Structure formats: C-alpha cells, structure tokens
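Computed from the coordinates by the stated procedures, all read-outs in this text should not be read as laboratory data. These numbers come from a predicted model, not from an experiment. FYI the Cβ positions are ideal-geometry reconstructions off the backbone, even for glycines, and counts take in every protein chain you see.
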Amino acid sequence: MKKRLETRAMFAGYRPQDADMAVKPPMHPASTFVFPDARTGAAHMETAYGVEGAETPPDGFIYSRLGNPTLRMAEARLAAWDDSEDAALFASGMAAISTTLLAWSGADRPVWFVGPLYGGSHHFLEDVLPDMGRTVTEIESLEGLDHALHATEGKLPGIIYLETPANPTMQLQRIRTAAEWAATHSTSDHRILVMVDNTYLGPVLQRPLEEGADVVLYSATKYLGGHSDLIAGGASGSAEAMGKVKEFRTFLGGMLDPHSAWMLARSMETLHVRVERQQENAGHLLAHLRELCGPEAIRSAWKEDLTTMGEDISIAEQQQRGGGSMIGLTVPGGREGAFAFLDALTVFKLAVSLGSTESLAEHPASMTHAGVPAEAKVRMGITEGFVRLSVGLEHPEDLKEDVAHAWKVACEVANLPV
C-alpha cells in the first residue's frame, strides 16, 4: 500500500539501519570520499565527467561538489513532497532558478516568461540571460502563447517560465494552459519545458508537476526551510529534466552545503503542520482586514480576494489546495503611509523573505523589487503604498491587533478618518 504524502516524506532518503539505527540521519560534512580501490575511483570519475565507455561504478560518492550523502537524503525528501522522479538542492533560490534556466535554454532554445515575477528572477531574465546569448521574451498572459509564436515568426521557445501566485501581487497563472501548449508544440528534437516557481504556496498547497509542469522551483529558504535560519533553493521534476540541471550545477558549483541540507531535511518533516497553521492564521487575519481596510485594499490567493481582484477563481479551484499565508495590502498615503505602517508594526518584523515561523512585512517597491524598472512595477501593480505580509505562527489575535494599530497610523499620515 502506497503511504500518504506526509508519511512518505518523513523518512525519505534515510533508513535507520544505515546509521546504527539512529532515528534521525547523521550529517556528512566531508568534502571528499575514499575509494575502495583505484579501478572504482577511475570508474566514478570517468562516469561523472561523461567519458565514453566508462565502467559503471557501484553506488558511492566522490567529492561533495558532485554529491554528498546528506544532500542526497534532503533531495529525496523534496522529491517525496513533490512526488517527482528527482530533485536538486542549491545554495539559494536564485541559484536554483538561474542554473535551471541556463541548463535548458540556449541560442536555439529561447525563454518565454509571463510576469509578474520575483524581482531577482525578473532581473536575471531581462538583464542577465540576454547578455549570455539567450533570447528572452515576456508575454502578457498564457492566453497569448499563440500570438507570441506568430510574433517570433514561428520560433519555438525552449522554456515557458511562470510564477503562481505571483510575488508579490498574487496574480494567478493556469499551469495546465502552459503545459498543454508546450506538449502540443514540442517535437522529438525540440522539447519545450514548463518551469513553475512554486515558492508562494509550496508542495502542500500546490503541485505543479501534477498540472503538467516539467520542473518546479523553490526558494527553499521560505516554507520548505521555514525558520529563517538557512538559505537554500530547490528544483524537482523528471529524471531527464533534472539530469541536465544537476550537470550544470556540478560545474557552476551552486549546490547546497551538507549542514544546510541537514537542517532543510529536518524542516521538511514539519512542513505540512507549519503551512496548515500559517494558512489558518492568515484566514483569521484576512477576515479582519476585509472589514478594517475594505476588500479592495487586499490581495491574496484566497478565493474571496481573487474575486475582488478580478482573477479567475477557477484557476485556484483547479490547481490550489488553499490560499496560503501571503497577503498584499495597499496602505493609504503612498510610500509615506506604507513606511509609517511598517514602522508601527511590533509583532510583524520588518524584513524581506517570507514563509517562516515569524510574521514578516516589507515594502516591495523599495525592497524586494527595488531593481525592477518603474514602468514594470506599475504594470505589475507594485505601487508605493503596497506592502507585503507573510503570516507566521503567532497568535492570530496579536497579528490582528498589530495590523489594526499600524493601519490607524497610516491613515493618520494620509489624513484619513480612523
């Protein structure tokens, strides 16, 4: 009988009998590993570098840039959560995103992306990849894929890249639309991969591979790690897709270190419990905010707010298992009001990042998306009065009181009645 997701993920990648029956896996900080004999060492190295005719080596490790027991164990846990064939962990979310894009793009494999995106991803796509000889095209929506193909005179993309819900303004993209278009237009010698940044909801609340995506990406610092004490990134997908990603990771050198891998594996054991409680807290806070601030001031991936935002709630119904714990809030008074709001918070901590046990707040226009061009921010809906809230595990009544006080301060700055 196949065990359920939470059970499979608990011990994925580890057997107690392999470590003196310890209930938790050991950490392997070793940089290099001893070969039993020279022939085995040669087989390992020749296989790692793709030498033609190399002898197949027994299972084992060479050097921690190429693989490490702790890293492999943590990757098995991410693969279990995504129910994927393979997964790769990186030193940061941007390392995961950039390595995966580099691995599967090229002169004959353009990248198409639909925004909004996290500021670092947007910068890498718009400014870095083109300087490396890649053609990058932003499309307005997934419904515009046929138009984009016509505009590029039939030049097929190699990658369709998207983020849903979008950071920080919560627009949704129907993953299956991209997956079905890619499947229809892929050929035997030109496969189009759909890549989805799933950081905002994570594998508990959204499962892009089940919607037809080829690779799912994470800033594992966020919900997967969830304690603001490690930096990591993740990618998972088919063995074929991940094989090329891991090849590029080997030579770019962006793999996760053993200590962070061990901590991340530990954190993934409580992923579902944390996410469910954070979402519950967000539900309480959102109900309060809709009354306090008015529904038009709120952006979230919850159905009630998606309707007000003009988003298609059928997308959420199809591919989401909840609205998550991220909230966007438009504060009166523009930047001055937003800064006053943020400075007045005491329970929410003023810091970038998200998805951790503590509640966090930040100002996207001047912080996480500071490097995004002004016109792009306007198009995305990142206004000067917009703040982003990440709901943690504090008592919901304390979160409600904190935001209510900060809202009152912002209204006073904006000369509005409170």
* Asked: Taking the mean number of other Cβ atoms within 10 Å as a proxy for protection, how do you rank 4-10, 172-178, 53-59 from highest to lowest?
  -> 172-178, 4-10, 53-59
* Asked: What Kirkwood radius, in Å to one decimal, follows from the Cα pairs of the range 271-413?
  -> 15.3
* Separation of alpha-carbon centers, the range 390-418 and the range 107-138, rounded to whole Å -> 37
* **Flagged links, alpha-carbon separation over 24 Å, of Lys377/Lys400; Lys222/Lys246; Lys222/Lys349; Lys24/Lys244; Lys3/Lys24; Lys349/Lys408** => Lys377/Lys400; Lys24/Lys244
* Inter-label distance, nm, simple model (7 Å from Cα along the C-beta direction), Lys155/Tyr63 -> 3.8
* **Most mobile of Ala103, Ala282, Ala38 in a GNM of the chain (Cα contacts under 10 Å)** => Ala38
* To do: Please state the charge dipole magnitude for the chain, taken about the Cα centre, from unit charges on C-beta atoms (+1 on K and R, -1 on D and E), reported in debye and rounded to the nearest 20.
  => 660
* Asked: Over the alpha carbons of the chain, what is the largest minus smallest coordinate on each principal axis, giving the biggest first in Å?
  -> 79, 58, 41
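Can you give the helix-only mean residue ellipticity at 222 nm for the chain, where every DSSP H stretch with n ≥ 4 adds -39500 (n - 2.57) and the sum goes over all residues, rounded to the nearest 500 deg cm²/dmol? Walk me through the numbers on the way to the answer.
On the way: 16 runs with 167 residues, N = 418.
It lands at -12000 deg cm²/dmol.
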* Asked: Simple spin-label model, 7 Å along Cα-to-Cβ: Leu292 to Thr308 in nm?
  -> 1.3
* Can you pull the one-decimal nm distance between simple spin-label points at Val273 and Arg379, each 7 Å off the Cα toward Cβ? => 4.5
